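Novice: Quick one: the structure is below, questions incoming.
The values are calculated or read from the model by the stated rules, or taken from the named source; none is laboratory data. Keep in mind the model is a prediction, meaning the values are calculated, not measured. With ideal geometry, Cβ positions are generated from the backbone for all residues, glycine too; neighbour counts draw on all protein chains shown.
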Amino acid sequence: MSETWSVEEHLDDILRSVRPLEPIELQLLEAQGCVLVEDVVVPASLPPFDNSSMDGYAVRTADVEGASEEFPAVLTVIGDVAAGSGELPAVERGQAARIMTGAALPPGAEAVVPVEWTDGGRGGGPADSMTARSIDPGGASGEVRVHRPVADGQHVRPRGSDVRTGAVALSAGTVLGPPQVGLLAAIGRGTVTVRPRPRVVVVSTGSELVQPGEQLGPGQIFDSNSFVLTSAAREAGAIAYRVGAVADDADTLRSTIEDQLIRADILVTSGGVSVGAYDVVKEVLSQLDGGGSVEFRRLAMQPGKPQGFGLIGPDRTPVIALPGNPVSAYVSFELFVRPAVRALMGRASVRRETVRARLETEEALTSPDGKRQFLRGSYVPPAVGESLGSVRTVGGAGSHLIAALAQANVLIDIPEKTTRAIPGEEVAVVLLD
């Protein structure tokens, strides 16, 4: 391997060392955002019984055939069926049962007449009383006039019309979002087997760093890296722990890292990765109890040339050491840490989506020869009928320009051998959230 690594070489090395976490069984809400490791089969059809999709009257279709405003069908109301009713009145010739949305279709009934197609029923109350939540079956009596006919099965949700017994509700590899969690609950699953969300511990280093909200002293700056990296880890799907800023003291940093390894699936540090110069981060990460090592590298990229990666501690926990400049740290996270988090989760796709866009700048962009440059950009998706969106740069190339980073929604990816990109040219952009 050459002394200078490419972005892809560094990422491939990280992904080769990361294996998906072992599956565990979780409660539904705890499993949100996780990946299923097995097919989920429907134990019972959904809905489990024929039920009404309207407030109205359950009827036999022959009894309302030809009904009209002028010549309504007059039916005897034999009772009420509310959602959750256990005892259902049988509907016979010339009869109807008042029924609520979601209630089971009573025996003998073939369709539901919406309440709006009736006079609301005498003795059964006005039409707006159909929203009653608890009704005594058989408590209603009287007649109802039906002004329109219905077809067999009209306004009825058949049993199994959503999913049937034995069908695969969700396949292995599915990411559980709100709709998927809702489906699992609907078919009666209280728990599910998934790969858990990785635990990411974020440590920023530097004696010059101060917690936001505190008073700055001479030569000090606020610690932003631990906040942006923790937020990025959460957005990637991880359970993130922010340790905050640790001073440039070897003993303090060593004890902090060793303490944090017990709860880390990935450890992320920022600061102190410059190649060739003495730094406490490199010293500590190469001398931790439990063994392992971290290799510090030069990458052919800008920003983010200095990087570190290795496996440390008794469990060989991956540690990804990022540069300390805010933009460098964030760009490096998106390129290297986020894919590792997604790989631990067992996600099929671990990288950000990349699309082509037309460069909309007043002047040509320049990029150093031999370095893959990632510029912050503002991307506008293509209009209807167009194939390309447009992108413009936000701020300059400096790795300290965090204000510009906050305005960006993409990274403009300029290849190593491209030194100039002119306005109107197609460029690759990495989509951020």
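Novice: Any residue that is out of contact with any Phe, Trp or Tyr (no Cβ under 7 Å at 6 or more places or on another chain) and part of a loop (DSSP other than H, G, I, E, B) - is there at least one of those in region 333-346?
Specialist: So in region 333-346, the residues out of contact with any Phe, Trp or Tyr (no Cβ under 7 Å at 6 or more places or on another chain) come out as 333-346.
Going one step further and asking which of them are part of a loop (DSSP other than H, G, I, E, B), we end up with 346.
Yes, some residue in region 333-346 is out of contact with any Phe, Trp or Tyr (no Cβ under 7 Å at 6 or more places or on another chain) and part of a loop (DSSP other than H, G, I, E, B).
Novice: Could you please tell me which pairs satisfy a Cβ distance under 6 Å, a separation of 6+ or placement on different chains, a first residue in region 69-83 that is among the hydroxyl-bearing types (Ser, Thr, Tyr), and a second residue that is buried (at least 20 other Cβ atoms within 10 Å of the Cβ)?
Specialist: Thr76/Gln95
Novice: Starting from residues that are basic (Lys, Arg) and at pLDDT 95 or above, keep the ones in region 315-346 and report whichever is farthest from Ser226 (Cα to Cα).
Specialist: Within region 315-346, the subset basic (Lys, Arg) is 316, 338, 342.
Add one more test, that the residue is at pLDDT 95 or above, and what stays is 338, 342.
Working: Arg338: 15, Arg342: 20 Å.
Applying the filter and picking the extreme gives Arg342.
Novice: If a residue has to be surrounded by 13 or more Cβ atoms within 10 Å (Cβ to Cβ) and farther than 30 Å from Arg298 by Cα to count, how many in region 1-24 make the cut?
Specialist: Summing the residues that are surrounded by 13 or more Cβ atoms within 10 Å (Cβ to Cβ) and farther than 30 Å from Arg298 by Cα in region 1-24 gives 2.
Novice: Go through the residues of region 187-194 one by one and say whether even a single one is crowded, with 17+ Cβ neighbours inside 10 Å, out of contact with any Pro (no Cβ under 7 Å at 6 or more places or on another chain) and not aromatic (Phe, Trp, Tyr).
Specialist: The initial filter retains those residues of region 187-194 that are crowded, with 17+ Cβ neighbours inside 10 Å, namely 187, 189, 192, 194.
Next, from what is left, pick out any that are out of contact with any Pro (no Cβ under 7 Å at 6 or more places or on another chain): 189, 192.
Restricting the remaining residues to those that are not aromatic (Phe, Trp, Tyr) gives 189, 192.
Among the residues of region 187-194, at least one is crowded, with 17+ Cβ neighbours inside 10 Å, out of contact with any Pro (no Cβ under 7 Å at 6 or more places or on another chain) and not aromatic (Phe, Trp, Tyr), which makes the answer yes.
Novice: Condition (residue is modelled with pLDDT of 95 or more, within 30 Å of Gly177 (Cα to Cα) and assigned to a strand (DSSP E or B)) applied to region 227-238: is it met by at least one residue?
Specialist: no
Novice: Got a number for residues in region 25-40 being exposed (fewer than 14 other Cβ atoms within 10 Å of the Cβ) and either of a type in the set (Ser, Thr, Tyr) or touching a strand residue (DSSP E or B) at 6+ places or on another chain (Cβ under 7 Å) (or both)? Can you show your working first?
Specialist: Just the residues of region 25-40 that are exposed (fewer than 14 other Cβ atoms within 10 Å of the Cβ), to begin with: 25, 27, 29, 38-39.
Next, from what is left, pick out any that are either of a type in the set (Ser, Thr, Tyr) or touching a strand residue (DSSP E or B) at 6+ places or on another chain (Cβ under 7 Å) (or both): 25, 27, 38-39.
Total meeting the criteria: 4.
Per-residue answers, yes or no, for (1) in the same structural domain as Val284 (by TED's automatic domain parsing); (2) modelled with pLDDT under 95:
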{"position": "Val112", "(1), (2)": "no, no"}
{"position": "Trp117", "(1), (2)": "no, no"}
{"position": "Arg122", "(1), (2)": "no, yes"}
{"position": "Asp128", "(1), (2)": "no, yes"}
{"position": "Ile135", "(1), (2)": "no, yes"}
{"position": "Asp162", "(1), (2)": "no, yes"}
{"position": "Thr205", "(1), (2)": "yes, yes"}
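Novice: If I ask for residues that are free of Cβ contacts under 8 Å to residues at least 60 places away in the same chain and either within 11 Å of Leu36 (Cβ to Cβ) or in contact with a strand residue (DSSP E or B) (Cβ under 7 Å, 6 or more places away or on another chain) (or both), which ones from region 163-199 would you list? Break it down into steps so the answer makes sense when it comes.
Specialist: Initially, region 163-199 is screened for residues free of Cβ contacts under 8 Å to residues at least 60 places away in the same chain, giving 179-180, 182-183.
Within region 163-199, Gln180, Leu183 meet the criteria.
Each row is one residue, and each column tells you yes or no for (1) of a type in the set (D, E, K, R); (2) over 26 Å from Val202 (Cβ atoms); (3) in contact with a strand residue (DSSP E or B) (Cβ under 7 Å, 6 or more places away or on another chain).
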position: Phe333; (1), (2), (3): no, no, yes
position: Gly346; (1), (2), (3): no, no, yes
position: Val350; (1), (2), (3): no, no, no
position: Glu353; (1), (2), (3): yes, no, yes
position: Glu362; (1), (2), (3): yes, yes, no
position: Asp369; (1), (2), (3): yes, yes, no
position: Arg372; (1), (2), (3): yes, no, yes
position: Val391; (1), (2), (3): no, yes, yes
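Novice: Related question: With Pro218, Pro212 as the choices, which residue is over 18 Å from Ile320 (Cα atoms), modelled with pLDDT under 90 and assigned to a loop (DSSP other than H, G, I, E, B)? I'd like the intermediate steps shown before the answer.
Specialist: Numbers: Pro218 fails: modelled with pLDDT under 90.
Answer to the check: Pro212.
Novice: Return the only residue of Ser349, Ser387, Ser378 being assigned to a strand (DSSP E or B) and either farther than 26 Å from Pro326 by Cα or among the small types (Gly, Ala, Ser) (or both).
Specialist: It is Ser378.
Novice: Considering only region 253-269, state which residues are surrounded by 15 or more Cβ atoms within 10 Å (Cβ to Cβ) and either within 21 Å of Met345 (Cβ to Cβ) or free of Cβ contacts under 8 Å to residues at least 12 places away in the same chain (or both).
Specialist: At the first step, the residues of region 253-269 found to be surrounded by 15 or more Cβ atoms within 10 Å (Cβ to Cβ) are 253-254, 256-258, 260-261, 264-269.
Result: Gln260, Leu261, Ala264, Asp265, Ile266, Leu267, Val268.
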